[in-house]
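This report refers to the structure that appears directly beneath it.
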Amino acid sequence: SMVTGRPVKWVEDRMENLSTTSFARDYHMTAEIAATKDGRVTGLRVHVLADHGAFDACADPSKWPAGFFNIVTGSYDFPVAHLAVDGVYTNKAPGGVAYRCSFRVTEAAYCIERAMDILAQKLGMDPADLRMKNFIRREQFPYHSALGWEYDSGDYHLAMQKAMDAIGYPALRAEQKAKQEAFKRGETREIMGIGVTFFTEIVGAGPSKNCDILGVSMFDSAEIRIHPTGSIIARMGSKSQGQGHETTWAQIIATELGIPADDIMIEEGNTDTAPYGLGTYGSRSTPVAGAAIALCARKIRAKAQMIAAHMLEVSEYDLEWDVDGFRVKGNPEQAKTMKEIAWAAYNAPPPGLEPGLEAVNYYDPPNMTYPFGAYFCVMDIDVDTGVAKIRRFYA
């Protein structure tokens, strides 16, 4: 357009958009691990040069302009660690908004796992054994990482062992060794690879102490209203992108309040009526919005218990919840369902209690969530053609 002086228009297709206009993972990562000769890690140092493109275009929390890269200690018990991330702006398209980016967590997982593989090679250790030796142990949780996170829970050894047992790991290594010997003798042109990796991720962005966007805290909220008929309308600040959140939210409410999911209308993404929320991304919807919905439903259940106690002429402490309503302890025939309680909330509420049955809840999570998992990939590669066949992939 500048050369010709004429307007130029180009219309891209969906694949061109995904592959070129919103890149991710253009990171140059350098990792150093300090370890003893028997494979015990003692320190980690990482430097990252992160290409952000022309400008930030994703919902990164303001405090972490290069994402949550400080999860780079991964699943391992590093007593000390140092991380430096240089985020740079370039003449590329805006970075960090690719179809699956995960707030730079994926790059951090790759960085530490590649480094652990190299350490295993240098020490002559099996990569699975090296990982097992350095995993955070179950009894160490909640675990405070060297780079400042508090991992709430985990059982890394069990996950790894289950995966190894499922694929028959020792037999695969024996087969690999036999193939290597056969290759050296010139009896085959095919080699066998076994990929081992383990990750700990950090998701569920929401705690205001960690996360905000331009000063706006990233917690979520929900509004639930039960009609006199016992049907429900629920509104939340998140928005499904095709994950089926409408079903998940209805199931959470049905579990908490005993109203069938078919009688629950979910309304999300309507900016005229939606309550406060910071959106759907980074695996945050269920741990943040889902928790807000559950706690909102529990507020309603607490009020419903007072109404049921009035209807049954007992103390609310004499009632217990049972699937779809409240029953008198020791006398289960005396009971009121949520539909009956909903009608009473609008028809004959207890004296002094506000009519209606609805609630609003704002949920500010105390922590992020830290999912983890083990992956194994078994491949056969023809060294002459480069053709690679994935024989087995186990997660």
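The values are calculated or read from the model by the stated rules, or taken from the named source; none is laboratory data. Predicted model, so just to flag it, every value in this text is computed and none were measured. Heads up, the Cβs are rebuilt from the backbone with ideal geometry, glycines too, and the neighbour counts pull from every protein chain shown. Side chains included, ligands, DNA and RNA excluded: accessible areas come from the protein's heavy atoms. Shrake-Rupley method; radii C 1.70, N 1.55, O 1.52, S 1.80 Å.
Here are some notes:
- Where a residue in segment 373-384 is not assigned by the TED database to the domain that holds residue 129 and its partner, wherever it lies, is at pLDDT below 95 and of a type in the set (A, V, I, L, M), with Cβ under 6 Å and at least six apart: none
Here is a yes/no grid of residues against (1) at pLDDT 95 or above; (2) touching a His at 6+ places or on another chain (Cβ under 8 Å); (3) within 30 Å of residue 242 (Cα to Cα):
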residue: 281; (1), (2), (3): no, no, yes
residue: 315; (1), (2), (3): yes, no, no
residue: 337; (1), (2), (3): yes, no, no
residue: 363; (1), (2), (3): yes, no, yes
residue: 392; (1), (2), (3): no, no, yes
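So that you can scan it fast, the table gives a plain yes or no per residue for (1) modelled with pLDDT under 90; (2) farther than 24 Å from residue 110 by Cβ; (3) among the charged types (D, E, K, R):
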residue: 1; (1), (2), (3): no, yes, no
residue: 13; (1), (2), (3): no, yes, yes
residue: 16; (1), (2), (3): yes, yes, yes
residue: 21; (1), (2), (3): yes, no, no
residue: 38; (1), (2), (3): no, yes, yes
residue: 41; (1), (2), (3): no, no, no
residue: 46; (1), (2), (3): no, no, no
residue: 54; (1), (2), (3): yes, yes, no
residue: 71; (1), (2), (3): no, no, no
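- The one condition in (1) outside any helix (DSSP H, G or I); (2) free of Cβ contacts under 8 Å to residues at least 40 places away in the same chain; (3) closer than 30 Å to residue 264 by Cβ; (4) open to solvent by less than 70 Å² (accessible area, probe 1.4 Å) that residue 349 fails to fulfil: (2)
- Cβ separations smaller than 7 Å between residues 6+ apart or across chains give the following pairs from segment 271-291 residues that are in the same structural domain as residue 236 (by the TED database) and basic (Lys, Arg) to residues that are in a loop (DSSP other than H, G, I, E, B) and crowded, with 20+ Cβ neighbours inside 10 Å: 284/204; 284/205; 284/206.
- Residue match in segment 216-230 (condition: assigned by the TED database to the domain that holds residue 277, open to solvent by less than 20 Å² (accessible area, probe 1.4 Å), over 17 Å from residue 291 (Cα atoms) and in a strand (DSSP E or B)): yes
- Looking only at residues in segment 272-293 that are in contact with a strand residue (DSSP E or B) (Cβ under 7 Å, 6 or more places away or on another chain) and part of a helix (DSSP H, G or I), the one that is farthest from residue 367 (Cα to Cα) is 293.
- Being within 30 Å of residue 45 (Cα to Cα), modelled with pLDDT of 95 or more and not polar (S, T, N, Q) is a property that residue 166 lacks.
- Residue 348 vs. criteria assigned by the TED database to the domain that holds residue 227, small (Gly, Ala, Ser) and in contact with a Cys (Cβ under 6 Å, 6 or more places away or on another chain): no
- Search result, residues across segment 239-278 that are over 23 Å from the mean Cα position of the chain (by Cα) and more than 30 Å from residue 308 (Cβ to Cβ): 270, 271, 272, 274
- Checked against the criterion of being under 25 Å from residue 221 (Cβ atoms), crowded, with 19+ Cβ neighbours inside 10 Å and small (Gly, Ala, Ser), the candidates 289, 274, 302 yield just one match: 289.
- Filter result for residue 340 (open to solvent by 50 Å² or more (accessible area, probe 1.4 Å) and closer than 17 Å to residue 232 by Cα): yes
- Summed over segment 127-147, the residues that are more than 20 Å from the chain's Cα centre (by Cα), assigned to a loop (DSSP other than H, G, I, E, B) and crowded, with 16+ Cβ neighbours inside 10 Å give a count of 1.
- Residue tally, condition open to solvent by less than 20 Å² (accessible area, probe 1.4 Å) and of a type in the set (Ser, Thr, Tyr), over segment 148-166: 2
- Candidates 191, 213, 136, 202 - the one that is over 16 Å from residue 372 (Cα atoms), in contact with a helix residue (DSSP H, G or I) (Cβ under 9 Å, 6 or more places away or on another chain) and among the β-branched types (Val, Ile, Thr): 191
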